[in-house]
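The structure appears below as structure tokens.
The values are calculated or read from the model by the stated rules, or taken from the named source; none is laboratory data. Note that the structure is predicted; figures quoted are calculated from it, not measured. Cβ: placed from backbone, ideal geometry, glycine included. Neighbour counts: every protein chain shown. Heads up: the accessible areas ignore ligands, DNA and RNA and are worked out on the full protein's heavy atoms, side chains in. Shrake-Rupley method; radii C 1.70, N 1.55, O 1.52, S 1.80 Å.
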Amino acid sequence: MKLLKRNLCPIYYCLYQGKQPLTDNNGYETGEMQVDYAPPEQLLCSVSPATGYAQVGMFGNLETYDKVIITDDIHCPIDENTVLFLDKEPAFSPDGNPLPDYRVKRVAKSLNHISYAVSRVKVS
């Protein structure tokens with residue numbers, strides 16, 4: 001399956017890099033952890049306008065997603081821990097954490113393309 005160039009739109013994603021311990025002003029660990037993400041990267045892919053019956057069958061019984069993203073880059077590193085910026089430019093909180101508008105719920109790989117079920121998130 002090849003994607004038409006006119007159907008591709010740019011999205012941004014931040015890959016999960018793990019958890020880092022938080023420290024206080026003196027450099028001591030507080031016992032809390034902070035999720036660490038890589039800087040945003042751009043990807044051209046096809047984004048569905050909304051969910052539908054065909055997409056529900058693709059991901060099994062998962063019905064709690066809002067859009068489907070399809071790419072023909074079979075080496076795309078996006079996984080279930082990735083956060084996405086679909087409807088807005090990448091934004092970050094004052095402490096450097098991303099403020100995404102979507103999160104990946106499921107990944108469905110085939111020989112020629114990868115489909116991602118994504119759901120909208122509210123980040124404060």
Out of the residues in segment 36-57 that are hydrophobic (A, V, I, L, M, F, W, C) and surrounded by fewer than 14 Cβ atoms within 10 Å (Cβ to Cβ), which is modelled with the lowest pLDDT?
Ala54
Of all residues in segment 83-106, count the ones that are open to solvent by 40 Å² or more (accessible area, probe 1.4 Å), assigned to a strand (DSSP E or B) and either in contact (Cβ under 8 Å) with a residue 24 or more places away in the chain or acidic (Asp, Glu) (or both).
2
Test set (1) surrounded by 17 or more Cβ atoms within 10 Å (Cβ to Cβ); (2) modelled with pLDDT under 90; (3) over 15 Å from the mean Cα position of the chain (by Cα) - His113 fails condition number:
(2)
Just checking, does segment 23-31 include any residue being surrounded by 11 or more Cβ atoms within 10 Å (Cβ to Cβ), touching a strand residue (DSSP E or B) at 6+ places or on another chain (Cβ under 9 Å), at pLDDT below 90 and over 21 Å from Ile74 (Cβ atoms)?
yes
Please verify whether segment 60-69 includes one or more residues that are outside any strand (DSSP E or B) and at pLDDT 95 or above.
no
